[in-house]
Amino acid sequence: MSSMPQARIHAPDHIELDQVEMPAVGADDVLVQVARCGICGSDLAYARIGGIPGAASPFALGHEFAGTVVETGINVSNYQAGDRVVVNPDRGDNAIGSGGVQGAFASHIVYRGATTAAQGLLKLPDALDFETGALIEPLAVGMHAARQGRIRPGDKVAVLGAGPVGLASAIGARHLGAEQVVLVDLSERRLQVARELGFTALHAGRDGLAAQLRATHDVITNNPMLGEQPGTDVYIEATGVGAVLQDITTTARKGARIVVVGVHFAPVEFDMTNFLIRELQITASMAYPDEFPEVIDMLLSGTIDVRPLISHRFPLSRFKEAFAQAQQADQAVKVMVDCQH
């Protein structure tokens, strides 16, 4: 059986580009030649801990990808060789990039159960290139966060954290009709990307969150106990930093909506009396139940150019360099890997 390159985690902070067997294609499967795959923050976390406990080891990573169908199983009639596709890695029993068996930082990957793929294996429109296709997954994460915030036309939105998920959430918020979307971060590099995407960028280290938002979103007085508050309707927390989430809860106006999409690895303590006084509504956002088609439609509309999200490009043959670059959060946004070189 022929072999292929695949990036795998062997131990904490130990990644190798291994040669592995080409995956076999079952009767209900399709083989996808991976064109582009983006490095996700979860990939960085998996590397730090040596993979997901209980999953296959060495642990194959990578799940934000697009490519071309090159082989189909005998029962597959809804796809054919040559179809350009984008893959929802959470659909079906594939667990791509999180089960440890299959990861998309490889030249090829098998999508299991293509006969009942539904939204798991979507055809990529000709108008969208493979790099844009590989951005659909993180954009779907952001779109779901915006949906969880019940964003309505005219809402004022603040996104804390201008990494890929925060930027994607801002894009989703604007797509849903938010009129004043601001991103807050400490990294000037990431704030510059926010500006390139057409958003207001605020440096987190200047003047305090409340003061900056009052200046940007105006003020509202709907509770005498709180005085003048920022007019921000929705906060999206995309940093995973407990102190940032606490700051939001003591800044938000009465009745504000808060969405937590950043991953918090430690408990966060809240002042529940403050919650009562402000009548805050807090929810969480995880992955993308059914946002892939909506993101594709948004991209086809041409209302936003998402290319500024990609800060670096590497071939798969230089994967270790690509991963090291992605670990530089103050420099990198989305690091894109060409899996055919």
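The values are calculated or read from the model by the stated rules, or taken from the named source; none is laboratory data. Computed from a predicted structure; not experimentally measured. Cβ placement follows ideal geometry from the backbone for every residue including glycine, while neighbour counts extend to all protein chains displayed. Ligands, DNA and RNA are stripped out before the accessible areas are found, and what is left, the full protein with its side chains, is counted by its heavy atoms. Shrake-Rupley method; radii C 1.70, N 1.55, O 1.52, S 1.80 Å.
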Practice problem: Assign one of three labels to segment 2-141, namely rounded, prolate or oblate, based on the Cα gyration tensor with a ≥ b ≥ c the square roots of its eigenvalues; rounded applies when a/c is under 1.5, prolate when it is not and a/b is larger than b/c, and oblate otherwise. | Solution: prolate
Quiz item: Which lysines have a Cα less than 20 Å from the Cα of residue 156, not counting those fewer than 8 places away in the same chain?
Solution: 254
Self-check item: Dipole magnitude (debye, nearest 20) for segment 104-150, charges at Cβ of Lys, Arg, Asp, Glu
Solution: 320
Quiz item: Sorted by average packing, counted as other Cβ atoms within 10 angstrom per residue and highest first, what order do 12-22, 176-186, 137-147 take?
Solution: 137-147, 176-186, 12-22
Quiz item: Within straight cross-link reach of residue 334, meaning Cα distance under 18 Å, which lysines are found once same-chain residues fewer than 8 apart are removed?
Solution: 320
Practice problem: Could you work out the relative contact order of segment 158-198, using alpha carbon pairs under 8 angstrom and six or more residues apart, expressed as a whole percent? | Solution: 44
Quiz item: Modelled label-to-label distance, residue 223 and residue 81, 7 Å Cα→beta-carbon offset: nm?
Solution: 6.4
Practice problem: For residue 279, put the label point 7 Å out on the Cα→Cβ axis and report which residues of segment 221-239 keep their amide N under 11 Å from it. | Solution: 222-223
Quiz item: For residue 300 and residue 3, FRET efficiency with R0 = 41 Å and r from the beta-carbon atoms, rounded to 0.05?
Solution: 0.65
Quiz item: Taking 0.36 nm per intervening residue step and subtracting the Cα-Cα distance, what contour gain separates residue 179 from residue 129 on full extension?
Solution: 15.1 nm
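Over segment 233-341, with every protein chain in place, what whole percent of the accessible area is carbon and sulfur at 1.4 Å, could you tell me? Please list the in-between numbers first.
On the way: 2710 of 5090 Å².
After summing per-atom areas, the C and S share lands at 53 percent.
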Exercise. Grab the DSSP H runs of the chain that are 4 residues or longer, score each as -39,500 (n - 2.57), total them, divide by all residues and round the 222 nm result to the nearest 500 deg cm²/dmol.
Key: -8000 deg cm²/dmol
Self-check item: DSSP-loop GluC sites (Glu not before Pro) across segment 241-315, with at most 15 other Cβ within 10 angstrom
Solution: 269, 279
Self-check item: Relative contact order [Cα under 8 Å, 6+ residues apart], segment 269-341, whole percent
Solution: 26
